[in-house]
Amino acid sequence: MKLLINCPSNFSFTLKSLEKIGGIESLNIELAEILLKKKIDVVISTNCLRKSIYKNIQNLPVKFVKNNSKIFNFDAIISSNDSDIFNYFPNSKKILWLHNSLQIEKSIRKKQFFSILKNKPHVVFVSNYLNSITSKLYPFRSRVVIPNFLTSNFTTKIKPKKRKPIFVWSVQRDKGLINTIDMWINDVFPVSKRTIFYITGINKLPPKYNIKFLKTKNIFFMGRVSKNKLKLIYSQSTAMICLGYDETFCLNALEANSCGLPVITFGKTALKEIIRDNYNGFIVNNFTELSKKIITLSNFKESKKNKIIKNSINYSKNFDLKNIIYSWLNLLK
């Protein structure tokens with residue numbers, strides 16, 4: 001089988017560019033790698049400038065693939081969040097890998113709607129939640145839920161580290177961050193001055209805050225960090241804060257679990273499916289409960305910490321690509 005995996009993001013197969021790529025990009029690359037091991041001839045297209053090869057996988061510019069579609073003979077195409085590529089390959093099996101919400105108005109504005117009407121692709125949702133909020137008016141050939149998986153950065157074993165009272169924000173969106181910072185300053189820091197808050201995942205703090213001032217409250221802004229750096233932070237922290245306002249899956253929560261880090265959340269959107277209260281995380285209802293949970297976890301006995309660390313790691317193993325790949329293989333058949 002010849003397969004095109006289309007990920008129209010701005011990255012290429014160079015070691016430098018792969019250090020800080022996002023979750024969707026990492027998922028596309030690792031899906032391509034394991035399918036290659038399953039004897040499938042895989043090409044991946046991205047918004048890169050030139051051709052390159054990484055681990056025997058050819059990376060081509062999306063524009064090149066579209067402009068030269070007649071020289072390719074793909075049996076199937078998996079495309080992340082983009083249906084336009086299907087217009088160039090009428091005879092290929094078409095699979096739309098939907099990571100984000102796609103309202104009708106949004107799909108028309110982004111010129112996706114008519115391509116979906118024309119090609120009627122199979123669609124893969126990354127969560128039941130995303131499936132439930134995606135309009136049934138779309139004429140998809142089939143709808144299937146295949147959850148995201150842990151990438152290799154977070155499946156390799158790490159040496160156990162002594163947990164510190166560190167809480168981590170690593171979501172790439174800042175919705176709820178201002179409330180969380182204010183809660184920390186007003187409710188957590190005055191009571192627990194040894195507890196630390198790391199903010200990663202975003203490049204800029206909300207403008208109302210000064211980095212130097214936040215440091216006096218044990219809040220440290222770190223910006224976007226590499227996967228390896230994030231893994232190190234997770235492995236020595238107590239919990240991750242992920243409120244869950246607009247998560248269609250939340251790979252960050254799963255990655256945190258794989259490092260033994262439970263997730264504190266409001267249990268909204270797709271977090272409802274991932275987090276089991278008092279097992280691999282804690283569901284709270286508001287910021288008052290959030291602050292109390294942080295203070296409580298900061299003073300947890302080692303035996304309680306070790307139990308939830310073990311639970312979190314064990315739960316994350318359900319999302320090993322070695323298991324999830326069979327759902328993809330069945331779909332490709």
Packing-ranked peptide list from 298-311, 169-182, 235-248, highest mean Cβ count within 10 angstrom first, is 235-248, 169-182, 298-311
On alpha carbon coordinates alone, what is the Rg over Rh value for the stretch 240-316, Rh being the Kirkwood radius? 0.95
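Rounded to two decimals, what is Rg over Rh for the stretch 154-319 when you use alpha-carbon atoms and the Kirkwood radius? List each step's numbers first, then the result.
Working: Rg = 14.5 Å, Rh = 15.7 Å.
My calculation puts Rg/Rh at 0.93.
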What aspartates and glutamates sit close enough to residue 204 to cross-link, taking a C-alpha to C-alpha distance under 16 Å and skipping anything fewer than 8 places away on the same chain? 174
At 222 nm, what helix-only mean residue ellipticity would the chain give, in deg cm²/dmol to the nearest 500, using -39500 (n - 2.57) for each DSSP H run of four or more? -9500 deg cm²/dmol
Where the Cα pairs of the chain fall when distances are cut into 10 Å bins, in %: 5, 25, 31, 23, 12, 4, 0
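Would you please classify the overall shape of the stretch 27-76 from the alpha carbon gyration tensor, given that a ≥ b ≥ c denote the square roots of the eigenvalues, rounded means a/c under 1.5, and beyond that prolate means a/b larger than b/c while oblate covers the rest?
Details: a/c = 2.20, a/b = 1.37, b/c = 1.60.
Because a/c hits 1.5 or more and a/b fails to exceed b/c, the stretch 27-76 counts as oblate.
Given a cut-off of 18 Å, name the pairs among 193/215; 231/317; 70/120; 157/317; 93/118 whose C-alpha atoms lie farther apart than that in the structure shown. Walk me through the intermediate numbers first.
Values: 193/215 12 Å; 231/317 16 Å; 70/120 21 Å; 157/317 12 Å; 93/118 13 Å.
Those over the limit are 70/120.
Rounded, prolate or oblate: which one fits the stretch 2-146, using the alpha carbon gyration tensor with axes a ≥ b ≥ c (rounded when a/c is under 1.5, else prolate when a/b beats b/c, else oblate)? Walk me through the numbers before you get to the answer.
Working: a/c = 1.65, a/b = 1.42, b/c = 1.16.
Taking the square roots of the gyration eigenvalues as a ≥ b ≥ c, the stretch 2-146 is prolate.
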At q = 0.14, 0.15, 0.16 Å⁻¹, base-10 log of I(q)/I(0) for the stretch 102-178 (Debye sum, equal scatterers on each alpha carbon): -0.73, -0.79, -0.84
Hydropathy at least -0.5 by Kyte-Doolittle, axial extent at least 18 angstrom from the Cα trace: which helices of the chain, defined as entire DSSP H runs, fit? 23-37
Over the Cα atoms, compute the radius of gyration (one decimal) and Dmax (the largest Cα-Cα distance, rounded to a whole number) for the stretch 95-243, in Å. 20.1, 59
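FYI, it's all coordinate maths here, none of it is from the lab. None of the values given here were measured: they were computed from a predicted structure. Cβ sites come from the backbone with ideal geometry, for glycine too, and all protein chains shown count toward neighbours.
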